[in-house]
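Asker: Have a look at this one.
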Amino acid sequence: MLIKLTGGAVYDPASGIDGAKQDIYIQDGRIVDKPVGDFKVDKEYDLKGKVVMSGAIDMHTHIGGGKGNIARTLLPEDHRADPVARTDITRSGCGHAMPSTFVTGYRYAEMGYTAGFEPAVLPVNARQAHMEMADIPILDKGGYVLLGSDDYLLRMLTAKKDQKAINDYVAFTMQAAKAIGVKVVNPGGISAFKFNQRKLELDEQNSHYGVTPREILKSLATAVKELGITHPLHVHGCNLGVPGNMNTTLDTIQGIGGLPMHLTHIQFHSYGTEGDFKFSSGAAAIAEAVNKNKNITIDVGQILFGQTVTASGDNMRQHANHKHASPNKWVTMDIECDAGCGVVPFKYKDKNFVNALQWAIGLETFLLVDDPWRIFLTTDHPNGAPFTSYPHLIRLLMDRSFRNDVLSTIHPEAQKMTTLASIEREYSLQEIAIMTRAGAARLIGLQDRGGLSAGNWADITVYTDNADRQLMFEKPDYVFKDGELVVVDGKVIHTKWGTTHVVKPEFDASLEKDLQKYFDRFLTMKLGNFKISDDEITEDGRGSLTVHPLKGDVA
Amino acid sequence: MAEITEVPSPFCGIGTDDLTIQVDGVSLKVVENGCAVNTPAFEQAITDTRPRVDGKDVSLDVAVAKAAALLKNTNQPVIGGCATDVNGMRALLALADRSGAVVDNMNFTGARNNFLALQDSGWMNTTLAEVKNRCDLLLVVGIDLEGFSPRFFERYLWNKESMFMDDTAKREVIYLGKAPSGTASTSPDGQTALVFECANEDLPDVVAVLRALVKGNPIRVDSVGGIAVADLQGIADKLKAASYSVVTWAAGALAYSQAELTVQTISEMVKDINDRNTRSSGLPLGGKEGDQTANQVCGWTTGYPARTRFSSGFPEYDPFLNDANFLLGNGEADALVWVQAFNAKAVPPETALPTIVVGRSGMTFAKEPDVFIPVGTPGIDHVGHAYRMDNVVAIRLKKLRESGLPSTSDVLNAIEQAL
């Protein structure tokens, strides 16, 4: 079937097209060139006056894995306020802060998103992450596997194993967990908490292993680069949420020595200690460092006001943050000498000085970082706010007068502590398309996604241009996934299953011999039962794996 | 005859995956690393292979059609048991969503003690590898641990090597409430566990006093539930002195009214210890026959644990009112679907209502159900996934034999399609 999208204004940064009127042809799920000679269009959509972008990609969203399910279980009262009924084509579930899997897929699609990436896949919990994501309809998905507090790696670093050995282990773990990237959370700190360390500075040693976060970052970032993984090491840094942590973040940027590194939810790591409340914005300094260091990419982790729940691998910091829990109930877990997690409900309030300034810090960061290819639109769903708040966030970025109206309602002391009112920048549609599409696809290393030129998969979102950008991005006219029309006027009309994106870096097979001994000695499952097989993703007939090339591979 | 190694078990809850099983046609024999729970569960012979409608053998298609016909005209079906693998639960929830059923895991009344505590105040918990490598003091509250889980001590406490301990035999074990039924908790050095017994109904008082002592609050009595306060002070001191104590309990064993408050007191005590400059973690026991699996899959599919109704068109959780036995007893339910792929002895509650059983081969019934469809057991007859007690590790279940029995998900998906 040949589908033609006629006359829309196309924003396709991957091809350098910035609002030009163009037709798009779709055949067999992919975008194709206009056929030559005589041809018959089976279905045509008149998109005059519409805005056309590729499907949006959320490069950091907690949509699969144990901590999310703990968050769900913890908050029945939140679900009760947002029940989602079944229809003839969609399943029932719940929404708001941590939606059920089916509702996650529908609501993302209804905002024009066609892919989401779970950033904290614990190796021992990777099955769960993939099983949950397998129950998210429409979206493509993938995960970054979490390393850095796992005993095996820390043991290797203590023993000063060479980089090749580290690379093999990283590659093995990526394959075993079916990942497309590598993440580190509070490097070594999750482990340190189990030894009763309650904080860990960048150059502070884990009391058992004698290894510092800086060493862990360096070895993992090097491994990712040397293995040819496109997505740079994905870093949730030290000292999340601690006033003054901007210095840790600046030091982290300097210390990585030019290696590619992605600093995630950087808003939570951009705090100074100025002012009466000893809490201030570090956004300007951080943005300056990001602008200067081209090896660095960031996503923001914007907070937005209201009830949500924070779910993180950072058991150390989440334990410290539990005193802010609202409602006052929280969970931490130490997990399998591998990782950990902490789940703390938060209610961000615009009349709370700290929350109000966190809001401003995130927006300052968005507006002060120059290059939209190196900054990504996230709320660290659900930690800063549920993903359903993205259209509101886009309006804050694109509409200065709206932004300043909201700014004038937040805690007055916070207003005094932010430069936001003086920042004139408004994001353009093309810049939004970069952050949420082309840039994200490039950052993750997705082949044939995030663009609208021939050869790409036909993940396409069509909006009606509207000066109210929130309304515009809340309710796309059409969303196509792999060429199938799934959303009309902001409602799911058809569902399908997306693919799971992975990479398969190679490793020296002899590693498995050592790992097998290690598993038998210390862990609670057999190595053979730890590794996730391809079948586990595909055997139900819904899932599929898409393997992306490594840097240096011949495409 | 084939021999399969590294076989994981969905039966014991502690995720043993080192069994060796001999397969001879459809008969299985556990030849290595069996235990009182796993060996009979694996070795149970297949008896029924044909579905029955009204007691007569029929084809699977006929049984599925009959099941769908029975469900079609119901106002409030109840799906009980919910003992199956991840794919089985997926299909079960799809069927419930379509038919407006109540879903209720058969062990939920016990698990509710944990969920109510979790949903009110939360907890700090750990997993089995942390216990194995880190735990220097294990406090067992209200359960005979080796009766619950015969290989727990061998696998997770008296392991020869550990990452962080020079000598695992130096670990201390304390029982509070129940005494151990055997000697599994005795260390390889011969050090026996400290045991402080009390009646189940005294546990709330005993645990409350222990928490108060951990916090340093004065206690005005000399004994509680027959246990000297001085002994409880000794436990509190050990908890505060340990580097990584673990406090374990089994929600289902706390079989008294409002036992969730005991779980809450234990969990808050663990938090208190962590505020006293050392580490401690809770370890809820469970995970047998798919109970964690049911709650996990229901959790991500609906937002709620597996005592949830779909009769309004969307999921509604109520840990009391959605109890299957309650609904069968008070006349609200008008049909029962019983799903139990692991345990042939776990038969449905007796009811006069139309009953469909999707169960492990070998079930015998006091009253023949309207429809009985024998299904394969996950981890024996087909591959699958099941959660271990700590809720973090999902084990990959293996297919050990070719029995021809359909899986739970095959059957429930077929019934849903027929609706």
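The values are calculated or read from the model by the stated rules, or taken from the named source; none is laboratory data. Please read all numbers here as calculations on a predicted model, not as lab measurements. Virtual Cβ from ideal backbone geometry, glycine too; neighbours counted across all protein chains shown.
Asker: So, of the residues in segment B:393-418 that are under 24 Å from the mean Cα position of the chain (by Cα) and of a type in the set (Gly, Ala, Ser), which turns out to be surrounded by the most Cβ atoms within 10 Å (Cβ to Cβ)?
Answerer: That would be B:Ala394.
Asker: What's the number of the only condition in (1) in contact with a Leu (Cβ under 8 Å, 6 or more places away or on another chain); (2) on the phi > 0 side of the Ramachandran plot that B:Gly313 fails to meet?
Answerer: All conditions pass for B:Gly313, except number (1).
Asker: Working only within segment B:79-134, note down all residues that are more than 7 Å from chain A (Cβ to nearest Cβ), among the β-branched types (Val, Ile, Thr) and in contact with a Leu (Cβ under 9 Å, 6 or more places away or on another chain).
Answerer: If the condition is that a residue be more than 7 Å from chain A (Cβ to nearest Cβ), among the β-branched types (Val, Ile, Thr) and in contact with a Leu (Cβ under 9 Å, 6 or more places away or on another chain), then B:Ile79, B:Thr84, B:Val102, B:Val103, B:Val131 are the ones that fit.
Asker: To continue, here is another question. Scan (1) within 14 Å of chain B (Cβ to nearest Cβ); (2) within 21 Å of the chain's Cα centre (by Cα); (3) crowded, with 24+ Cβ neighbours inside 10 Å for the single condition A:Met59 breaks and write down its number.
Answerer: (1)
Asker: Follow-up. Could you tell me whether A:Thr365 is β-branched (Val, Ile, Thr), under 15 Å from A:Met98 (Cβ atoms), in contact (Cβ under 8 Å) with a residue 12 or more places away in the chain and in a helix (DSSP H, G or I)?
Answerer: So A:Thr365 fails the test.
Asker: Right, here's the next one. Scan segment A:78-126 residue by residue and report those that are assigned to a helix (DSSP H, G or I), within 10 Å of another protein chain (Cβ to nearest Cβ), touching a residue at least 40 places away in the same chain (Cβ under 8 Å) and farther than 18 Å from A:Asp140 by Cβ.
Answerer: A:Asp78, A:Val124, A:Asn125, listed by residue number.
Asker: Considering only segment B:376-386, I want to know if a residue exists there that is surrounded by fewer than 24 Cβ atoms within 10 Å (Cβ to Cβ), hydrophobic (A, V, I, L, M, F, W, C), touching a residue at least 40 places away in the same chain (Cβ under 8 Å) and more than 14 Å from every other protein chain (Cβ to nearest Cβ).
Answerer: no
Asker: Output the residues belonging to segment B:100-134 that are closer than 16 Å to B:Val357 by Cα and either in contact with a Pro (Cβ under 9 Å, 6 or more places away or on another chain) or in a loop (DSSP other than H, G, I, E, B) (or both).
Answerer: Answer for segment B:100-134, where residues must be closer than 16 Å to B:Val357 by Cα and either in contact with a Pro (Cβ under 9 Å, 6 or more places away or on another chain) or in a loop (DSSP other than H, G, I, E, B) (or both): B:Ala101, B:Val102, B:Val103, B:Asn105, B:Met106.
Asker: Further question on the same structure: Tally time: how many residues in segment B:107-141 are among the small types (Gly, Ala, Ser) and closer than 26 Å to B:Cys82 by Cα?
Answerer: Counting residues in segment B:107-141 that are among the small types (Gly, Ala, Ser) and closer than 26 Å to B:Cys82 by Cα gives 4.
Asker: Here's another thing I want to ask about it. Taking segment A:490-533, which residues are hydroxyl-bearing (Ser, Thr, Tyr) and more than 14 Å from chain B (Cβ to nearest Cβ)?
Answerer: Hits for segment A:490-533 are A:Thr499, A:Thr500, A:Ser510.
Asker: Within segment B:210-250, can you find the residues that are in a loop (DSSP other than H, G, I, E, B) and either among the polar types (S, T, N, Q) or buried (at least 17 other Cβ atoms within 10 Å of the Cβ) (or both)?
Answerer: B:Asn217, B:Gly225, B:Ala242, B:Ser243, listed by residue number.
Asker: Also: Looking at the structure I just gave you, is A:Ile190 buried (at least 24 other Cβ atoms within 10 Å of the Cβ) and either in contact (Cβ under 8 Å) with a residue 12 or more places away in the chain or more than 11 Å from every other protein chain (Cβ to nearest Cβ) (or both)?
Answerer: Yes.
Asker: Residue pairs, Cβ under 6 Å, 6 or more apart or interchain, first in segment A:402-428 and more than 16 Å from A:Asp370 (Cα to Cα), second in a loop (DSSP other than H, G, I, E, B) and at pLDDT 95 or above. List them.
Answerer: Final answer for the pair search is A:Ile410/A:Asp350; A:His411/A:Lys351; A:Met417/A:Gly275.
Asker: Just the residues that are charged (D, E, K, R) and more than 14 Å from chain A (Cβ to nearest Cβ), please, taken from segment B:253-290.
Answerer: B:Lys288, B:Glu289
Asker: Identify, by number, the condition in (1) away from every other protein chain (no Cβ under 14 Å); (2) under 25 Å from the mean Cα position of the chain (by Cα); (3) in a helix (DSSP H, G or I) that A:Ser453 doesn't meet.
Answerer: (3)
Asker: Which condition from (1) in a helix (DSSP H, G or I); (2) at the interface with chain B (Cβ under 8 Å from one of its Cβ atoms); (3) farther than 25 Å from A:Lys347 by Cβ is the one that A:Ala129 breaks?
Answerer: The number of the failed condition is (2).
Asker: Next question. So how many residues does segment A:534-555 have that are within 9 Å of chain B (Cβ to nearest Cβ) and surrounded by 13 or more Cβ atoms within 10 Å (Cβ to Cβ)?
Answerer: Final tally of qualifying residues: 3.
Results for (1) more than 22 Å from the chain's Cα centre (by Cα); (2) among the polar types (S, T, N, Q); (3) not in a helix (DSSP H, G or I), shown as yes or no for each residue.
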{"position": "A:Gly275", "(1), (2), (3)": "yes, no, yes"}
{"position": "A:Glu288", "(1), (2), (3)": "yes, no, no"}
{"position": "A:Lys294", "(1), (2), (3)": "no, no, yes"}
{"position": "A:Ile298", "(1), (2), (3)": "no, no, yes"}
{"position": "A:Ala320", "(1), (2), (3)": "yes, no, no"}
{"position": "A:Val343", "(1), (2), (3)": "no, no, yes"}
{"position": "A:Lys347", "(1), (2), (3)": "no, no, yes"}
{"position": "A:Asp350", "(1), (2), (3)": "yes, no, yes"}
{"position": "A:Ala356", "(1), (2), (3)": "yes, no, no"}
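Asker: Moving to a separate point now. Of all residues in segment B:344-366 being at pLDDT 95 or above and charged (D, E, K, R), which is nearest to B:Ala324 (Cα to Cα)?
Answerer: Here the answer is B:Lys345.
Each row is one residue, and each column tells you yes or no for (1) among the hydrophobic types (A, V, I, L, M, F, W, C); (2) at pLDDT below 95; (3) within 23 Å of the chain's Cα centre (by Cα); (4) more than 25 Å from A:Cys94 (Cβ to Cβ).
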| residue | (1), (2), (3), (4) |
| --- | --- |
| B:Val297 | yes, no, yes, no |
| B:Phe342 | yes, no, yes, yes |
| B:Val371 | yes, no, no, yes |
| B:Ile380 | yes, no, yes, yes |
| B:Gly384 | no, no, yes, yes |
| B:Asn391 | no, yes, yes, no |
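Asker: Another question, then. So B:Leu145 passes all but one of these: (1) crowded, with 20+ Cβ neighbours inside 10 Å; (2) within 11 Å of chain A (Cβ to nearest Cβ); (3) touching a residue at least 40 places away in the same chain (Cβ under 8 Å). Which condition number does it fail?
Answerer: Tallying (1) crowded, with 20+ Cβ neighbours inside 10 Å; (2) within 11 Å of chain A (Cβ to nearest Cβ); (3) touching a residue at least 40 places away in the same chain (Cβ under 8 Å), B:Leu145 fails exactly one: (2).
Asker: Let me ask you something else. From the list A:Ala285, A:Ala311, A:Ala320, A:Ala325, pick out the single residue that is modelled with pLDDT of 95 or more and more than 14 Å from every other protein chain (Cβ to nearest Cβ).
Answerer: A:Ala285
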